[in-house]
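Undergrad: I'd like to ask you about the structure that follows.
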Amino acid sequence: SVGLPVERLPASALSVALLPGCVGERGEISIFDGKRDNALAAVTCFRPDTPFGVVLLSLESDRPSALRAVDPAATSASAACGELWKLSVLQAIAEPASLAARCGVKVELSFHARGARLAATGGASRVGPLLLALLASAAEEKGSAAVPPDASLEMAAVKRSATASVRALRSRLGAAADRRIAAIDEASASGVRSEAAAFWRSVRGAQLLLAGSFSRADSDALVDGVRRTLLPMLPPPPAGAPAASAGTGEAEPLVRSEVLAEWGPLLYKPSYTPRPLANNLCLVPAFGATLDQCGLRIGA
């Protein structure tokens, strides 16, 4: 078994796993099952050795799954407000995200059954600052700062985006699509802010995974930045729990496959933004290093 450096903070706070190099080697993990569209696709061993990095931050909360249980069609006002908050957070960092996307770095914010996932991928030296910007946008004033006013062009834009996403799924949603669109139209800025605050109140912990070619300085800066932002917002450790260390400290030897198995449900295929830049393969660093502006291989 292969060991890896892992920092374990109290379970109620933040746990950090560092996976150096590529992941998914034969015999190491079966979670990929030959699929190359998972969240760690940029750093899997299916690809040549590249200076790529992937950062995944999962905020652990029961609220998304609870909303689905109450309203399976996701037509409730709370679910609509949650989607509008997500889009507002992404819109708040649109300018730096667009600039980063031109360098092959892209981000995602999505909800899942265990909470929410923030993700970033690209050149390992560039990923950390954008992930921290996304987290700051989501966390400032417990999510309220990113929400635009009701009559603003920004609110109209996030509502159009949310509505377009529903319409794209109309064939699958059926009549529920109209109910969901109505909930989006009726949502207010105060309702979106309230839902953001309710989500943050429900967050009971977080997991951070860094995989790929991160330098020690870059990984330390990212871990410290996430800790500074998150720990004041998370529940305090239980009485008697060990205190978190100031740095990454000594690594606890764990097996890579165990860590990846723990993350398995959170490695679903990402939908990166901003589009269309995030979907432009010409902006991937590995391509940029080998192709000229006309798409011809350098040196050919």
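Undergrad: Against the condition at pLDDT below 90, out of contact with any Phe, Trp or Tyr (no Cβ under 9 Å at 6 or more places or on another chain), surrounded by 19 or more Cβ atoms within 10 Å (Cβ to Cβ) and among the basic types (Lys, Arg), how does ARG256 come out, does it pass?
TA: yes
Undergrad: For segment 68-116: of the residues being assigned to a loop (DSSP other than H, G, I, E, B) and open to solvent by less than 20 Å² (accessible area, probe 1.4 Å), which is modelled with the lowest pLDDT?
TA: Across segment 68-116, the extreme among qualifying residues is GLY104.
Undergrad: While we're here: Being closer than 29 Å to ALA42 by Cα and among the aliphatic types (A, V, I, L, M) narrows it down to one residue among ALA196, ALA211; which is it?
TA: Being closer than 29 Å to ALA42 by Cα and among the aliphatic types (A, V, I, L, M) holds for just one of ALA196, ALA211, which is ALA211.
Undergrad: Same structure again: Do we find that ALA145 is in contact with a helix residue (DSSP H, G or I) (Cβ under 7 Å, 6 or more places away or on another chain) and without any contact (Cβ under 8 Å) to a residue 60 or more places away in the chain in this structure?
TA: No: the conditions fail for ALA145.
The values are calculated or read from the model by the stated rules, or taken from the named source; none is laboratory data. Since the model is a prediction, treat every value here as computed from it, not as a measurement. Using ideal geometry, Cβ is built from the backbone for each residue, glycine included, and neighbour counts are taken over all protein chains shown. Accessible surface is based on the protein model in full, side chains and every heavy atom, while ligands, DNA and RNA are left aside. Shrake-Rupley method; radii C 1.70, N 1.55, O 1.52, S 1.80 Å.
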